[in-house]
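Report on the structure given below.
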Protein chains: 2
Amino acid sequence: MVTEMDTITILVVDDHHIVRQGLVALLKTVPGFTVMAEASDGAEAVDLYAKHHPDVTLMDLRLPKLGGVDAIARIREKNPGARIIVLTTFDGDEDIFRALQAGAKGYLLKGMDTDELTEAIRSVYAGKSRIPAVVAEKLAERMSGPALTTRELEVLRLIVGGRSNKEIAGELFISEATVKTHINSLLSKLGVTDRTQAATTALQRGIVHLDS
Amino acid sequence: MVTEMDTITILVVDDHHIVRQGLVALLKTVPGFTVMAEASDGAEAVDLYAKHHPDVTLMDLRLPKLGGVDAIARIREKNPGARIIVLTTFDGDEDIFRALQAGAKGYLLKGMDTDELTEAIRSVYAGKSRIPAVVAEKLAERMSGPALTTRELEVLRLIVGGRSNKEIAGELFISEATVKTHINSLLSKLGVTDRTQAATTALQRGIVHLDS
DNA sequence: CGGCGTCTCCATCTTTTGATGGATGGCGTC
DNA sequence: GACGCCATCCATCAAAAGATGGAGACGCCG
């Protein structure tokens, strides 16, 4: 139960200065919310969490130095009760999934209005978790397929990297035939029929990222 | 020349509520800047520009209804003197290029600090254009290669869409052999060796987008 | 006009890719 | 330990993709 008197302390984590400003400005208008700290990368987020122990943390996933997912994991490692809301411009399902695995309690899309944001913060603060319908849907879709094995993921990453089967075989020290087997199973797991589709859907679903 | 007395009126265009708030909050702290209007999509941006004629427009490229590039083009069609700064989280070179083609005078990345932002606004207001080094570099890189033809672009889009050569041939009413020719030339223009690389670099360079 | 560039189109040959079927070894459960 | 389960590995064969060389159509400029 949250009384009118309580003030919810918040840590904001985002590498974009403008977004941080936006969140602070937005949250300042809501009575009962206090932004107690701001971090611009994952490592700083971990430090600031340890120092301030905010009630709720709003965290972007794409962060320099230490990724959002890892930051969440580290924070919750030492503070299992940490209430963290992921706030991102839709990166793809896989990131959502991993963030929730790592212990995020909510997942919000930038571009939501103030009401949605404040309501989510209050919900999560109250111990509930909060996943918007769009996200839940994507999540369910992702769940449908079986998970890729470690090897399959490695191969997939190399495919997205533009390597040929021969090159993949060389880099993984396996035969080209084996590479094909892995490709075959990952193709069927992803529900596609060739490597190009595998690459694009992997990117779309956020299973791998283009490092630009 | 800008005197101390002048106030620069600004139109902010971004579909993310939070980003708009951030910009407004940020700009409010700078004396001489006035955010006179905010738009959340391209169509609204065009309308509000016509209504207010701001000195400078800050515009995101990824917008609902009417894309940022098109919005820039429409605004400058009627107002050739319009000073527009693109403000985006790096979408890929092609978008930068098209935005500048459409008449954008500056290109900023979200995540820049207040000084860079204000300086860019003042520069553009003064009639100069302002492209950060990172962006200029990418732009030069893009310029290096020859442009894809209309047909090649169509084929490329279908490749990214996961179509086979046979399917592409069917959709474009040409023979499969012809498809291969187009692919061959676009491969060399993109500087890659197969369709998967073509797909990923096309996405990376923002030549095509995954519509998710 | 004549030549030049370029976009479009097509056929043949080689390489790569993907489909299929099957073998090995680890790991947990009963 | 015996069993199934699954990840990993491999070989063979058909299909798709890519390299190469070349032809006709069109606009542009000297």
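Some observations on this one:
- Residue count for the range B:18-66, restricted to those that are surrounded by fewer than 21 Cβ atoms within 10 Å (Cβ to Cβ), within 18 Å of residue A:111 (Cβ to Cβ) and not acidic (Asp, Glu): 8
- In the range A:175-190, the residues that are within 7 Å of DNA strand D (Cβ to nearest atom) reach residues that are assigned to a helix (DSSP H, G or I) and among the acidic types (Asp, Glu) with C-beta atoms within less than 9 angstrom, at least six apart or across chains, in these pairs: A:182/A:152; A:182/A:154; A:185/A:152.
- Checking residue A:205 against (1) at pLDDT 90 or above; (2) surrounded by 19 or more Cβ atoms within 10 Å (Cβ to Cβ), the condition it does not meet: (1)
- Annotation: of all residues in the range A:155-170 being closer than 17 Å to residue B:200 by Cβ and surrounded by fewer than 17 Cβ atoms within 10 Å (Cβ to Cβ), the one that is farthest from DNA strand C (Cβ to nearest atom) is A:157.
- Residue A:187 being surrounded by 15 or more Cβ atoms within 10 Å (Cβ to Cβ), within 8 Å of DNA strand C (Cβ to nearest atom) and either within 14 Å of chain B (Cβ to nearest Cβ) or not in a helix (DSSP H, G or I) (or both): yes
- Condition met for residue B:197 (surrounded by 14 or more Cβ atoms within 10 Å (Cβ to Cβ), within 13 Å of DNA strand C (Cβ to nearest atom) and within 9 Å of chain A (Cβ to nearest Cβ)): yes
- When residue A:100 is tested against the conditions (1) assigned to a loop (DSSP other than H, G, I, E, B); (2) under 16 Å from the mean Cα position of the chain (by Cα), the lone failure is (1).
- Taking the range A:1-90 as the region of interest, the helices (runs of 4 or more DSSP H) fully inside it that hold 2 or more residues being farther than 26 Å from residue B:15 by Cα and more than 14 Å from chain B (Cβ to nearest Cβ) are A:42-52, A:68-78.
The values are calculated or read from the model by the stated rules, or taken from the named source; none is laboratory data. Values in this document were obtained by computation on a predicted structure and should not be read as measured data. A quick note on method: Cβ atoms are made from the backbone with ideal geometry, for glycine too, and the neighbour counts reach across all protein chains shown.
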